[in-house]
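A.B. asks: Structure incoming, see below.
The values are calculated or read from the model by the stated rules, or taken from the named source; none is laboratory data. As the structure is a computational prediction, the values presented were derived from the model and not from experiment. Every residue, glycine among them, receives a Cβ derived from its backbone with ideal geometry; neighbour counts consider all protein chains shown.
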Amino acid sequence: MSADTQTEPAPRRRRLIVLLPLVVFLALAALFLFRLGAGDPSRVPSVLIGRPVPQANLPPVEGLSKDGKPVPGLTSADFQGAVTLVNIWASWCVPCHEEIPLLVKLGEDKRLKLVGINYKDRPENARRFLGRYGNPFVATGADGNGRASIEWGVYGVPETFIIGRDGRIAHKLVGPITPDNLERVLKPAIEKALAGS
């Protein structure tokens, strides 16, 4: 065997070693793009689905009233016995401004109880926000430090949860409620929770 034929496999092996990280990177990038494009980004799986709501004892938003009465904060007992829609919102959240008219409309459905968690907001800003658009919430807890929202597994505001009569989380919607996802995703999930299945 000549010296030329013995040295030929070494450069080929080096090329494979150099290309291997590139191939792995491209495979991971393709997988990431596939998963990113697959499905509805507003339906992020939550480990809390089917589990009882996190323990919640949130004080009311200071000075917030509805129909001349103070709006209470939230307790864990608020999630028993009725289908409840929980919306995590803030006055500084631009998508929250876009979704609030849809929440006001949902608040007219007497089969539901609408409650809010005001996330890292100043009470005067929260009051001004709801004064401008209308207050759809029968109770609103103030989550000034964001700790309660972490317990709920919140990625960012706005997020909406549907709680069954048994106090268990039935559905989670990440991002703002839109006319499209209201009809296509949220209303069917509400009807399913109302039916008790």
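A.B. asks: Conditions first: (1) more than 16 Å from the chain's Cα centre (by Cα); (2) surrounded by fewer than 17 Cβ atoms within 10 Å (Cβ to Cβ); (3) not aromatic (Phe, Trp, Tyr). Residue 168 passes all but one, so which condition is the exception?
C.D. replies: Going through (1) more than 16 Å from the chain's Cα centre (by Cα); (2) surrounded by fewer than 17 Cβ atoms within 10 Å (Cβ to Cβ); (3) not aromatic (Phe, Trp, Tyr) one by one, residue 168 breaks only (1).
A.B. asks: Take residue 71 and tell me if it is at pLDDT 75 or above, in contact with a Leu (Cβ under 6 Å, 6 or more places away or on another chain) and under 24 Å from residue 187 (Cβ atoms).
C.D. replies: no
A.B. asks: When you go through (1) over 10 Å from residue 139 (Cβ atoms); (2) crowded, with 22+ Cβ neighbours inside 10 Å; (3) of a type in the set (S, T, N, Q) one by one for residue 84, which number turns out not to apply?
C.D. replies: (1)
A.B. asks: Oh, and also: Could you check residue 191 against (1) modelled with pLDDT of 95 or more; (2) in contact with a helix residue (DSSP H, G or I) (Cβ under 8 Å, 6 or more places away or on another chain); (3) closer than 21 Å to residue 83 by Cβ and say which number it fails?
C.D. replies: The failed condition is (2).
A.B. asks: What number of residues within the range 52-65 satisfy the criterion of being surrounded by fewer than 16 Cβ atoms within 10 Å (Cβ to Cβ) and part of a strand (DSSP E or B)?
C.D. replies: 3
A.B. asks: If you don't mind, there's one more thing I want to ask. Name the residues in the range 175-197 that are under 20 Å from residue 156 (Cα atoms) and of a type in the set (Ser, Thr, Tyr), would you?
C.D. replies: Of everything in the range 175-197, just one residue is under 20 Å from residue 156 (Cα atoms) and of a type in the set (Ser, Thr, Tyr), namely 178.
A.B. asks: Taking the options 14, 43, 35, name whichever one is modelled with pLDDT under 90, among the charged types (D, E, K, R), assigned to a helix (DSSP H, G or I) and surrounded by 10 or more Cβ atoms within 10 Å (Cβ to Cβ).
C.D. replies: 14
A.B. asks: For the range 151-168, enumerate the residues that are of a type in the set (D, E, K, R) and assigned to a loop (DSSP other than H, G, I, E, B).
C.D. replies: Residues satisfying the conditions are 165, 166.
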